[in-house]
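First the structure, in the form of structure tokens, and then the observations on it.
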Amino acid sequence: MARAFDILIVGAGQAARRAAEGARAVAPEASIAIVGEETHPPYDRPPLSKEILLGKADASLCCKRDAASFAADRIELILGTRVAALHLDDREIETASGERIGYGKLIIATGSRARSLPAPAAIADKVLTLRTIDDAARVAAHLHEGAHIVVIGAGFIGLEAASAARARGARVTVLEAADRVLGRVFPIEAAARVERLHRDAGVDLRLGAKLDEIAPDGGRVRVSVGAEKLLADLVVVGIGIIPNTELARAAGLAVDDGVVVSAEGATSHADVFAAGEVTRHPVRGASAMRIESWQVAELQADAAGRSAAGAPTAYDAIPYFWSDQYGVNMQMFGLIRPDGAILVRAAGESALIFSIGADGRIAGAIGFNAGADMSIAKRMIGAPAPVGLEDAATPLRKLLRAGATA
Amino acid sequence: MSWHQVAQADDVPEDEGLCVKIDGHAIALFRVEGEIYAIDDLCSHAEASLAAGFVDGGLIECPLHQACFDIRTGKVMTGPATEDVRSYRVKIEGGAVLVER
């Protein structure tokens, strides 16, 4: 007889932890287990590319709970165990070793994996992605004065790695194929600020750089870009992540980029929910989206966990994201509308960049060292953009109040 | 533990925090429904001053990553912080704010 749990969570990252906590909160008696390939208990990833690379903290900063804490909450951890298949008709999952584990409700929290670049075996330990605790430890070991770090991809992970590498005295070259950084996320007005931050910090930021080859070269890595050869002690590959949707797809669940879920985290099968950034979930003011963020792994997963445990709970948060580079705090709320207008409200090193939709309403806001104004901007999302929004001399709080009474 | 005079009650605004120091240790004062409360100024998640955050009723939102704390108790309400911040006893004497630490 296979072992079985009322709630079984596939995947062992932050979303799995949070889904388990959500389920536990509404179902004190339910048996709950997390099964996944990771060998560490579930942990949060934001510090990996920040405090851990900076050497300011060790991996424990990522761990909101240790194994004993999961045990105390009667959340069983089945780690180092790859799930090979979902048998929805039998209400069982099958592990790579052929064990079957039964469930009442299944939560898919398989997250994402880093997109990698093929590298010869001789330099495989010097061409690294940055996704796990072990990745972060390997990358951090290379960040020291005199080292040359080549970062491939100017997304958030690559840029945070660049920031940490500079802080630790390494020489840094960032190669980005597009003509700007953060192309998927930030409008050009915000991206240009980020580019300036990196160049001011001494990063050799190369836009429109087409990578030709990565090859061994006398114990180092030779990175070929056109006619130029860069010699690197470490190459950090930050070219995006791929949602781990294979299990869901093979089981016949609806998948569209991510595992398609309702606001409550329900998939196309009544016994199956999905949690975290593997999901494509409804987003306020948009069609459904797959969003790669701490917030989704935390709050959408909490809702999915509660829903799976019998207390339907909708996730409806305004999308939120943050990054910290060179001591500059960046935060983003809402969505950036490509068809709308951008409005910049800047004062010295502090700036708020608003995305205004075609309907004249504030769709999103990005802050650079914006402090408490970020909290105010969040409360303005969805409201008509007030007159004078770009005037940094008018306190944002005043505009918020004016909007509330209008 | 002893009482330290840190501010005048009138200096503590209604909708934002006031950062004060006791022996170099930063403490954030807030006013909620007329009452003054004191909690550690340093967010338990990152190097942020909670006094510089956004006050919403009895809650303070951290200016760096939106962690939210109960001003009256220091209890963390939403992440990314996971640990509470310390809260301190407060008394008002002759218009002055005293904090016990």
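The values are calculated or read from the model by the stated rules, or taken from the named source; none is laboratory data. Remember, predicted model here, so these are calculated numbers, not experimental data. When we count neighbours, we look across all protein chains shown, and the Cβ atoms used for this are built from the backbone with ideal geometry, even at glycine.
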**Prompt:** Counting just the residues of the range B:44-54 that are more than 16 Å from residue B:87 (Cα to Cα) and of a type in the set (A, V, I, L, M, F, W, C), which one comes out nearest to the other protein chains (Cβ to nearest Cβ)?
**Reply:** B:54
**Request:** Within the range A:15-48, count every residue that is under 17 Å from the mean Cα position of the chain (by Cα), within 14 Å of chain B (Cβ to nearest Cβ) and in a helix (DSSP H, G or I).
**Result:** 6
**Item:** Filter pass, residue A:72 being assigned by TED's automatic domain parsing to the domain that holds residue A:248, farther than 20 Å from residue A:307 by Cβ and touching a Leu at 6+ places or on another chain (Cβ under 9 Å)
**Value:** no
**Asked** Out of curiosity, is residue A:259 within 14 Å of chain B (Cβ to nearest Cβ) and either under 19 Å from the mean Cα position of the chain (by Cα) or not in a loop (DSSP other than H, G, I, E, B) (or both)?
**Response** no
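This table checks each residue for (1) free of Cβ contacts under 8 Å to residues at least 40 places away in the same chain; (2) of a type in the set (S, T, N, Q); (3) surrounded by fewer than 22 Cβ atoms within 10 Å (Cβ to Cβ).
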| position | (1), (2), (3) |
| --- | --- |
| A:8 | no, no, no |
| A:13 | no, no, no |
| A:16 | no, no, no |
| A:22 | no, no, no |
| A:37 | no, no, yes |
| A:56 | yes, no, yes |
| A:61 | yes, no, yes |
| A:64 | no, no, yes |
| A:68 | yes, no, yes |
**Item:** Restricting the range A:327-347 to residues that are farther than 19 Å from residue A:400 by Cα and within 14 Å of another protein chain (Cβ to nearest Cβ), the residue that is modelled with the lowest pLDDT
**Value:** A:327
**Complete:** The condition of being touching a Gly at 6+ places or on another chain (Cβ under 9 Å), among the hydroxyl-bearing types (Ser, Thr, Tyr), within 30 Å of residue A:44 (Cα to Cα) and at pLDDT 95 or above holds, among A:350, A:355, only for A:355
**Single match in A:280, A:284, A:290, A:306 (criterion: among the basic types (Lys, Arg), surrounded by 24 or more Cβ atoms within 10 Å (Cβ to Cβ) and farther than 22 Å from residue A:90 by Cβ)** = A:306
**Asked** Of all the strands (runs of 3 or more DSSP E) wholly in the range A:182-250, which have at least 3 residues that are farther than 23 Å from residue A:326 by Cα?
**Response** A:211-217, A:220-225, A:228-232, A:241-243
**Message:** Let me spell it out: the conditions are (1) in contact (Cβ under 8 Å) with a residue 12 or more places away in the chain; (2) of a type in the set (A, V, I, L, M); (3) within 14 Å of chain B (Cβ to nearest Cβ), and residue A:311 meets all of them except one. Which number is the exception?
**Reply:** (3)
**Request:** Looking only at the range A:361-381, decide whether some residue is surrounded by 20 or more Cβ atoms within 10 Å (Cβ to Cβ), outside any strand (DSSP E or B) and away from chain B (no Cβ under 14 Å).
**Result:** no
**Asked** In the range A:89-110, what residues are outside any strand (DSSP E or B) and surrounded by fewer than 24 Cβ atoms within 10 Å (Cβ to Cβ)?
**Response** A:89, A:90, A:91, A:96, A:97, A:98, A:99
**Message:** I'm trying to understand the selection: among the residues of the range A:382-406, which are surrounded by fewer than 15 Cβ atoms within 10 Å (Cβ to Cβ) and closer than 15 Å to residue B:52 by Cα?
**Reply:** A:395
**Message:** Residue under question is residue A:388, and the condition is that it be assigned to a helix (DSSP H, G or I) and more than 25 Å from residue A:185 (Cβ to Cβ); does it hold?
**Reply:** no
**Message:** For the range A:57-76, check the following and say yes or no: at least one residue is more than 26 Å from residue B:64 (Cα to Cα) and assigned to a strand (DSSP E or B).
**Reply:** yes
**Prompt:** Among (1) in a strand (DSSP E or B); (2) of a type in the set (Val, Ile, Thr); (3) within 14 Å of chain B (Cβ to nearest Cβ), which single condition is residue A:353 missing?
**Reply:** (3)
**Message:** Condition (residue is closer than 19 Å to residue A:143 by Cβ and in contact with a Phe, Trp or Tyr (Cβ under 9 Å, 6 or more places away or on another chain)) applied to the range A:230-252: is it met by at least one residue?
**Reply:** yes
